[in-house]
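Report on one structure; see the data block that follows.
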Amino acid sequence: QAGNEQMAEAVQRYAPILGYVYCNPNFLDASVAEMERYLPEEGFVGVKIHGGYSGCATGGEKMRELMPEIAARAKVVKIHPAGADVPGTLAQYAAQYPSLNIIIAHALVSDYRTAAELAARHRNVYLDFACSWAGRGKIEYALATCGAEQIVFGTDMDLFEPAFTLGMFEGAGLDEAQA
């Protein structure tokens, strides 16, 4: 709750920076209240959930209870996946909630090929390559597999230097249309 309050202040103060409402599957009622409080505000674009930080698997019961609440209130959810069968669970969510755009944080890191293939099969799945590991060829593979339309530019600012992610994209040799 305190983090969402800080995000609301930052979004207002530093527009055009946009923010997510953070939700925790362990606190369903509080997460719903946070979405209802902040999603209508200018500058909030969706919801962020982090399976690792909350200790909830992407396919776990608590996450499965939270997802329909998110889908009923938001158009975008950024997921930091955790647990077993993450690609299968994300595919289920993409099919079950077709009007919810799902951004996979870090494009599943070293499993970026699976993430790109998932995005190619589900037009409401997007890849965010912000990370601390550049991994040569990740963005090129995603461009060839799912296309530029399924890739978003995120930096994880201020955790990472934005230039790091920008360098990954510049190194991928995007043409003007892809950029």
> Which whole-number percent gives the relative contact order of the stretch 75-179, counting Cα pairs below 8 Å spaced six or more residues apart?
Replying inline: 22
> So if R0 is 30 Å, what FRET efficiency would Ser132 and Asp29 give, r being the distance between their Cβ atoms, rounded to the nearest 0.05?
Replying inline: 0.30
> Going by average Cβ neighbours within 10 Å, how do the peptides 101-109, 149-157 rank, with the highest at the top?
Replying inline: 101-109, 149-157
>> If I take R0 = 30 Å and measure r between the Cβ atoms of Leu174 and Val45 in this structure, what FRET efficiency does the formula 1/(1 + (r/R0)^6) give, to the nearest 0.05?
In response: 0.80
> Rounded to the nearest 500, what is the chain's calculated 222 nm mean residue ellipticity when only DSSP H runs of at least 4 contribute -39500 (n - 2.57) each, over all residues?
Replying inline: -13000 deg cm²/dmol
>> Compute the orientation-averaged projected area for the chain from the convex hull of its Cα atoms and round it to one decimal in nm².
In response: 9.8
> According to a simple spin-label model (label point 7 Å from Cα along Cα-to-Cβ), what is the distance in nm between Ala144 and Ala72?
Replying inline: 4.4
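Coordinate-derived values only; no laboratory data. Owing to the predicted nature of the structure, the values given are computational and were not obtained by experimental measurement. Methodologically, a virtual Cβ is constructed for each residue, glycine included, from the backbone with ideal geometry; neighbour enumeration extends over all protein chains shown.
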